Amino acid sequence: MTRFRNRTAIVTGAGQGIGAATAALLAEQGARVAVVDLRTDRAEAVAREIRDAGGVAAAFGCDVTDEAAVTETTGRVVEEFGGLDILVNNAGITRDNLLFKMGRDDWDSVLATNLTSVYLCCRAAQKYMVEARYGRIVSLSSRSALGARGQANYAAAKAGIQGLTATLAIELGPFGINVNAVAPGYIATAMTAATALRVGSTVEDHQERAAQATPLRRVGQPREVASVIAFLASDEASYVSGQTLYVNGGAR
Ligand SMILES: NC(=O)c1ccc[n+]([C@@H]2O[C@H](COP(=O)([O-])OP(=O)(O)OC[C@H]3O[C@@H](n4cnc5c(N)ncnc54)[C@H](O)[C@@H]3O)[C@@H](O)[C@H]2O)c1
(Lines give C-alpha, C1' and ligand atoms only; values in the text may rest on other atoms or scores of the structure.)
Protein backbone atom coordinates (compact mmCIF):
# COMPACT_ATOMS: atom_id res chain seq x y z
CA MET A 1 0.00 0.00 0.00
CA THR A 2 1.37 3.40 -0.92
CA ARG A 3 -0.89 5.76 1.04
CA PHE A 4 2.09 6.97 3.08
CA ARG A 5 4.92 6.38 0.60
CA ASN A 6 7.90 8.61 1.45
CA ARG A 7 6.21 9.78 4.63
CA THR A 8 7.84 9.60 8.05
CA ALA A 9 5.70 9.28 11.15
CA ILE A 10 6.36 9.55 14.86
CA VAL A 11 3.91 7.65 17.05
CA THR A 12 4.33 8.27 20.78
CA GLY A 13 3.34 5.66 23.34
CA ALA A 14 3.59 3.10 20.54
CA GLY A 15 4.92 0.30 22.73
CA GLN A 16 1.44 -1.22 23.08
CA GLY A 17 -2.29 -0.65 22.64
CA ILE A 18 -3.63 2.01 20.28
CA GLY A 19 -0.15 3.41 19.59
CA ALA A 20 1.26 0.02 18.57
CA ALA A 21 -1.75 -0.61 16.30
CA THR A 22 -1.30 2.83 14.73
CA ALA A 23 2.43 2.34 14.17
CA ALA A 24 1.74 -1.02 12.52
CA LEU A 25 -1.03 0.35 10.28
CA LEU A 26 0.95 3.41 9.14
CA ALA A 27 3.90 1.13 8.33
CA GLU A 28 1.65 -1.31 6.44
CA GLN A 29 0.51 1.64 4.37
CA GLY A 30 4.05 2.66 3.48
CA ALA A 31 5.22 5.07 6.21
CA ARG A 32 8.62 4.95 7.88
CA VAL A 33 7.65 4.81 11.53
CA ALA A 34 9.44 6.00 14.65
CA VAL A 35 8.07 3.87 17.47
CA VAL A 36 8.47 6.11 20.53
CA ASP A 37 7.80 4.93 24.08
CA LEU A 38 8.99 5.38 27.63
CA ARG A 39 9.50 1.62 27.64
CA THR A 40 12.34 1.12 25.16
CA ASP A 41 11.95 -2.68 25.33
CA ARG A 42 8.33 -2.48 24.19
CA ALA A 43 9.16 0.06 21.47
CA GLU A 44 11.86 -2.27 20.20
CA ALA A 45 9.50 -5.24 20.13
CA VAL A 46 6.89 -3.27 18.13
CA ALA A 47 9.51 -1.93 15.68
CA ARG A 48 10.89 -5.45 15.21
CA GLU A 49 7.41 -6.81 14.46
CA ILE A 50 6.87 -4.09 11.86
CA ARG A 51 10.20 -4.84 10.21
CA ASP A 52 9.49 -8.59 10.27
CA ALA A 53 6.26 -7.83 8.40
CA GLY A 54 8.24 -5.95 5.73
CA GLY A 55 7.78 -2.39 7.04
CA VAL A 56 10.27 0.31 7.97
CA ALA A 57 10.45 1.19 11.67
CA ALA A 58 12.91 2.15 14.37
CA ALA A 59 12.46 2.29 18.14
CA PHE A 60 13.18 5.35 20.25
CA GLY A 61 13.08 5.32 24.04
CA CYS A 62 11.76 8.71 25.15
CA ASP A 63 9.79 10.22 28.01
CA VAL A 64 7.43 12.61 26.24
CA THR A 65 7.16 14.77 29.36
CA ASP A 66 10.88 15.55 29.17
CA GLU A 67 11.42 18.61 26.97
CA ALA A 68 15.08 17.90 26.19
CA ALA A 69 14.35 14.24 25.37
CA VAL A 70 11.49 15.20 23.04
CA THR A 71 13.65 17.72 21.17
CA GLU A 72 16.51 15.28 20.89
CA THR A 73 14.34 12.34 19.80
CA THR A 74 12.54 14.40 17.16
CA GLY A 75 15.91 15.51 15.77
CA ARG A 76 17.17 11.91 15.69
CA VAL A 77 14.07 10.75 13.82
CA VAL A 78 14.52 13.48 11.20
CA GLU A 79 18.19 12.58 10.87
CA GLU A 80 17.51 8.86 10.55
CA PHE A 81 14.52 9.07 8.20
CA GLY A 82 15.22 12.38 6.44
CA GLY A 83 12.15 14.36 7.48
CA LEU A 84 9.00 14.33 9.56
CA ASP A 85 5.52 14.38 8.03
CA ILE A 86 3.20 12.85 10.62
CA LEU A 87 3.05 13.16 14.41
CA VAL A 88 0.65 11.00 16.40
CA ASN A 89 0.47 12.16 20.04
CA ASN A 90 -0.75 8.97 21.65
CA ALA A 91 1.21 8.49 24.90
CA GLY A 92 -1.11 8.69 27.88
CA ILE A 93 -1.79 7.48 31.40
CA THR A 94 -4.67 7.43 33.87
CA ARG A 95 -4.49 8.02 37.62
CA ASP A 96 -8.20 7.92 38.49
CA ASN A 97 -9.64 9.07 41.78
CA LEU A 98 -12.51 11.16 43.08
CA LEU A 99 -11.48 14.80 43.52
CA PHE A 100 -11.29 14.72 47.33
CA LYS A 101 -8.84 11.81 47.12
CA MET A 102 -6.92 13.01 44.06
CA GLY A 103 -3.43 13.99 45.15
CA ARG A 104 -1.38 16.67 43.49
CA ASP A 105 0.97 14.00 42.10
CA ASP A 106 -1.89 12.32 40.26
CA TRP A 107 -3.06 15.64 38.86
CA ASP A 108 0.43 16.70 37.77
CA SER A 109 1.49 13.40 36.21
CA VAL A 110 -1.72 13.03 34.17
CA LEU A 111 -1.58 16.62 32.92
CA ALA A 112 2.13 16.25 32.07
CA THR A 113 1.81 12.94 30.24
CA ASN A 114 -1.47 13.56 28.42
CA LEU A 115 -1.37 17.30 27.70
CA THR A 116 2.01 18.98 28.26
CA SER A 117 3.63 16.21 26.20
CA VAL A 118 1.41 17.13 23.24
CA TYR A 119 2.54 20.75 23.45
CA LEU A 120 6.19 19.60 23.64
CA CYS A 121 5.94 17.14 20.75
CA CYS A 122 3.98 19.57 18.53
CA ARG A 123 6.47 22.33 19.20
CA ALA A 124 9.42 20.07 18.36
CA ALA A 125 7.72 18.71 15.21
CA GLN A 126 6.44 22.00 13.81
CA LYS A 127 9.98 23.21 13.29
CA TYR A 128 10.48 20.57 10.57
CA MET A 129 6.90 20.62 9.27
CA VAL A 130 6.80 24.41 8.82
CA GLU A 131 10.08 24.24 6.91
CA ALA A 132 8.66 21.53 4.64
CA ARG A 133 5.28 23.31 4.35
CA TYR A 134 3.63 19.96 5.10
CA GLY A 135 2.49 18.15 8.21
CA ARG A 136 -0.20 16.03 9.81
CA ILE A 137 -0.69 16.04 13.57
CA VAL A 138 -3.22 13.74 15.24
CA SER A 139 -3.60 13.66 19.03
CA LEU A 140 -5.48 11.30 21.29
CA SER A 141 -8.26 12.99 23.21
CA SER A 142 -10.96 10.85 24.83
CA ARG A 143 -14.67 10.64 25.32
CA SER A 144 -13.78 11.41 28.96
CA ALA A 145 -13.20 15.02 27.84
CA LEU A 146 -16.98 15.39 28.12
CA GLY A 147 -16.85 14.44 31.81
CA ALA A 148 -16.10 11.15 33.56
CA ARG A 149 -16.49 10.31 37.23
CA GLY A 150 -13.11 9.80 38.93
CA GLN A 151 -11.20 11.31 36.02
CA ALA A 152 -10.98 15.05 36.77
CA ASN A 153 -7.29 15.07 35.83
CA TYR A 154 -7.68 12.92 32.71
CA ALA A 155 -10.85 14.70 31.50
CA ALA A 156 -9.15 18.09 31.92
CA ALA A 157 -6.11 16.92 29.97
CA LYS A 158 -8.17 15.35 27.18
CA ALA A 159 -10.41 18.44 26.90
CA GLY A 160 -7.22 20.50 26.82
CA ILE A 161 -6.08 18.52 23.79
CA GLN A 162 -9.23 19.56 21.94
CA GLY A 163 -8.52 23.26 22.61
CA LEU A 164 -4.86 22.83 21.72
CA THR A 165 -5.85 21.06 18.49
CA ALA A 166 -8.29 23.81 17.45
CA THR A 167 -5.66 26.47 18.17
CA LEU A 168 -2.73 24.76 16.45
CA ALA A 169 -4.93 24.22 13.38
CA ILE A 170 -5.28 28.01 13.18
CA GLU A 171 -1.60 28.72 13.80
CA LEU A 172 -0.11 25.97 11.62
CA GLY A 173 -2.70 25.84 8.83
CA PRO A 174 -0.94 28.56 6.78
CA PHE A 175 2.08 26.23 6.58
CA GLY A 176 0.16 23.25 5.15
CA ILE A 177 -0.11 21.49 8.50
CA ASN A 178 -3.40 19.82 9.46
CA VAL A 179 -4.03 19.32 13.17
CA ASN A 180 -6.79 17.02 14.41
CA ALA A 181 -7.71 14.81 17.34
CA VAL A 182 -9.55 11.55 17.86
CA ALA A 183 -11.59 10.88 20.98
CA PRO A 184 -12.03 7.15 21.56
CA GLY A 185 -14.62 5.62 23.82
CA TYR A 186 -13.87 2.30 25.54
CA ILE A 187 -11.08 0.51 23.68
CA ALA A 188 -9.82 -2.91 24.83
CA THR A 189 -6.21 -2.22 25.86
CA ALA A 190 -3.96 -2.59 28.91
CA MET A 191 -5.19 0.84 30.05
CA THR A 192 -8.85 -0.21 30.32
CA ALA A 193 -7.86 -3.64 31.69
CA ALA A 194 -5.99 -1.87 34.51
CA THR A 195 -9.08 0.28 35.20
CA ALA A 196 -11.22 -2.87 35.44
CA LEU A 197 -8.92 -4.46 37.98
CA ARG A 198 -8.64 -1.22 39.98
CA VAL A 199 -12.43 -1.03 40.42
CA GLY A 200 -12.53 -4.68 41.49
CA SER A 201 -14.04 -6.08 38.29
CA THR A 202 -12.83 -8.70 35.87
CA VAL A 203 -11.77 -7.39 32.48
CA GLU A 204 -14.60 -9.36 30.84
CA ASP A 205 -17.33 -7.95 33.14
CA HIS A 206 -15.99 -4.43 32.79
CA GLN A 207 -15.99 -4.70 28.99
CA GLU A 208 -19.48 -6.22 29.00
CA ARG A 209 -20.85 -3.29 31.04
CA ALA A 210 -19.15 -0.80 28.71
CA ALA A 211 -20.57 -2.67 25.70
CA GLN A 212 -24.11 -2.48 27.06
CA ALA A 213 -23.78 1.31 27.45
CA THR A 214 -22.61 1.64 23.82
CA PRO A 215 -25.05 1.78 20.87
CA LEU A 216 -22.92 -0.65 18.86
CA ARG A 217 -23.10 -3.01 21.89
CA ARG A 218 -19.40 -3.79 21.97
CA VAL A 219 -16.15 -2.18 23.02
CA GLY A 220 -13.66 -0.92 20.41
CA GLN A 221 -10.40 -2.48 19.30
CA PRO A 222 -7.09 -0.58 18.90
CA ARG A 223 -7.12 -1.12 15.13
CA GLU A 224 -10.49 0.67 14.89
CA VAL A 225 -8.91 3.82 16.33
CA ALA A 226 -5.73 3.36 14.29
CA SER A 227 -7.72 3.39 11.03
CA VAL A 228 -9.28 6.76 11.90
CA ILE A 229 -5.89 8.18 12.90
CA ALA A 230 -4.49 6.93 9.57
CA PHE A 231 -7.34 8.65 7.70
CA LEU A 232 -6.66 11.97 9.47
CA ALA A 233 -2.93 11.56 8.81
CA SER A 234 -3.53 10.91 5.11
CA ASP A 235 -4.10 13.22 2.17
CA GLU A 236 -7.70 11.99 1.97
CA ALA A 237 -8.28 14.28 4.96
CA SER A 238 -6.45 17.19 3.32
CA TYR A 239 -9.24 19.71 4.05
CA VAL A 240 -9.98 18.52 7.59
CA SER A 241 -8.27 20.50 10.35
CA GLY A 242 -9.01 21.60 13.91
CA GLN A 243 -11.48 18.74 14.43
CA THR A 244 -11.99 16.15 17.14
CA LEU A 245 -13.47 12.97 15.76
CA TYR A 246 -15.22 10.70 18.28
CA VAL A 247 -14.53 6.98 17.81
CA ASN A 248 -16.84 5.56 20.42
CA GLY A 249 -19.41 3.20 18.97
CA GLY A 250 -22.10 5.87 18.88
CA ALA A 251 -22.19 6.79 22.59
CA ARG A 252 -23.34 10.34 23.32
N1 LIG B 1 -8.01 2.58 25.82
C2 LIG B 1 -9.04 3.43 25.81
O3 LIG B 1 -10.20 3.07 26.06
C4 LIG B 1 -8.81 4.89 25.48
C5 LIG B 1 -9.93 5.72 25.35
C6 LIG B 1 -9.75 7.07 25.05
C7 LIG B 1 -8.47 7.58 24.87
N8 LIG B 1 -7.40 6.76 25.01
C9 LIG B 1 -6.07 7.36 24.82
O10 LIG B 1 -5.37 6.66 23.80
C11 LIG B 1 -3.98 6.67 24.09
C12 LIG B 1 -3.46 5.24 24.09
O13 LIG B 1 -4.18 4.49 25.05
P14 LIG B 1 -3.97 2.93 25.29
O15 LIG B 1 -5.23 2.42 25.84
O16 LIG B 1 -3.36 2.29 24.08
O17 LIG B 1 -2.89 2.99 26.49
P18 LIG B 1 -1.79 1.96 26.99
O19 LIG B 1 -1.63 2.19 28.43
O20 LIG B 1 -2.08 0.58 26.50
O21 LIG B 1 -0.47 2.48 26.21
C22 LIG B 1 0.07 3.74 26.48
C23 LIG B 1 1.53 3.74 26.09
O24 LIG B 1 2.06 5.04 26.40
C25 LIG B 1 3.35 4.87 26.97
N26 LIG B 1 3.69 6.02 27.81
C27 LIG B 1 3.14 6.37 28.99
N28 LIG B 1 3.75 7.46 29.49
C29 LIG B 1 4.71 7.81 28.60
C30 LIG B 1 5.68 8.84 28.55
N31 LIG B 1 5.81 9.72 29.55
N32 LIG B 1 6.52 8.89 27.48
C33 LIG B 1 6.41 7.99 26.47
N34 LIG B 1 5.51 6.99 26.46
C35 LIG B 1 4.67 6.90 27.51
C36 LIG B 1 3.24 3.59 27.78
O37 LIG B 1 4.51 3.03 28.06
C38 LIG B 1 2.38 2.73 26.88
O39 LIG B 1 3.16 1.97 25.97
C40 LIG B 1 -3.82 7.39 25.42
O41 LIG B 1 -3.55 8.76 25.19
C42 LIG B 1 -5.18 7.24 26.05
O43 LIG B 1 -5.44 8.25 26.99
C44 LIG B 1 -7.53 5.42 25.31
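Within segment 44-62, which residues are closer than 14 Å to ILE10 by Cα and among the small types (Gly, Ala, Ser)?
Once the filter is applied, which keeps residues that are closer than 14 Å to ILE10 by Cα and among the small types (Gly, Ala, Ser), segment 44-62 yields ALA47, ALA57, ALA58, ALA59, GLY61.
For GLY163, work out the one condition from (1) within 12 Å of the ligand (Cβ to nearest atom); (2) without any contact (Cβ under 8 Å) to a residue 12 or more places away in the chain; (3) within 16 Å of LEU245 (Cα to Cα); (4) not aromatic (Phe, Trp, Tyr) it doesn't fulfil.
(1)
Within segment 79-107, which residues are assigned to a helix (DSSP H, G or I) and within 15 Å of the ligand (Cβ to nearest atom)?
Passing the criteria: ASP105, ASP106.
Can you find a residue in segment 128-138 that is crowded, with 22+ Cβ neighbours inside 10 Å, within 16 Å of the chain's Cα centre (by Cα), assigned to a strand (DSSP E or B) and within 16 Å of the ligand (Cβ to nearest atom)?
yes
How do the pairs read when you match residues in segment 108-124 that are under 16 Å from GLU171 (Cβ atoms) with residues anywhere that are at pLDDT 95 or above and among the hydroxyl-bearing types (Ser, Thr, Tyr), using Cβ under 7 Å and keeping only pairs 6 or more apart or on different chains?
VAL118/SER139; CYS121/THR12; ALA124/THR71; ALA124/THR74
Please determine, by comparing only the residues of segment 64-78 that are surrounded by 17 or more Cβ atoms within 10 Å (Cβ to Cβ) and within 12 Å of the ligand (Cβ to nearest atom), which one is nearest to GLY19 (Cα to Cα).
Applying the filter and picking the extreme gives VAL64.
So which residues in segment 19-43 are in contact with a strand residue (DSSP E or B) (Cβ under 6 Å, 6 or more places away or on another chain) and crowded, with 18+ Cβ neighbours inside 10 Å, if there are any at all?
GLY19, THR22, ALA23, LEU26, ALA27, ALA31, ARG32, VAL33, ALA34, VAL35, VAL36, ALA43
Quick check on segment 1-51: of everything there that is polar (S, T, N, Q) and assigned to a strand (DSSP E or B), which residue is farthest from PRO184 (Cα to Cα)?
THR8
Restricting to segment 146-160, name every residue that is within 13 Å of the ligand (Cβ to nearest atom), over 11 Å from THR94 (Cα atoms) and not in a helix (DSSP H, G or I).
If the condition is that a residue be within 13 Å of the ligand (Cβ to nearest atom), over 11 Å from THR94 (Cα atoms) and not in a helix (DSSP H, G or I), then ALA148 is the only one that fits.
Please find, among ARG51, ARG32, ARG5, ARG39, the residue that is among the basic types (Lys, Arg) and within 16 Å of the ligand (Cβ to nearest atom).
The conditions single out ARG39.
Assess whether SER109 counts as being touching a helix residue (DSSP H, G or I) at 6+ places or on another chain (Cβ under 9 Å), at pLDDT 95 or above and crowded, with 17+ Cβ neighbours inside 10 Å.
Against the criterion (touching a helix residue (DSSP H, G or I) at 6+ places or on another chain (Cβ under 9 Å), at pLDDT 95 or above and crowded, with 17+ Cβ neighbours inside 10 Å), SER109 does not qualify.
Quick one: count up the residues across segment 202-252 that are of a type in the set (Gly, Ala, Ser), surrounded by 15 or more Cβ atoms within 10 Å (Cβ to Cβ) and assigned to a loop (DSSP other than H, G, I, E, B).
Matching residues across segment 202-252 total 4.
The values are calculated or read from the model by the stated rules, or taken from the named source; none is laboratory data. If you're wondering where the values come from, they're calculated on a predicted model, not measured in any experiment. Here the Cβ is made from the backbone with ideal geometry for all residues, glycine too, and neighbour counts use every protein chain on show.
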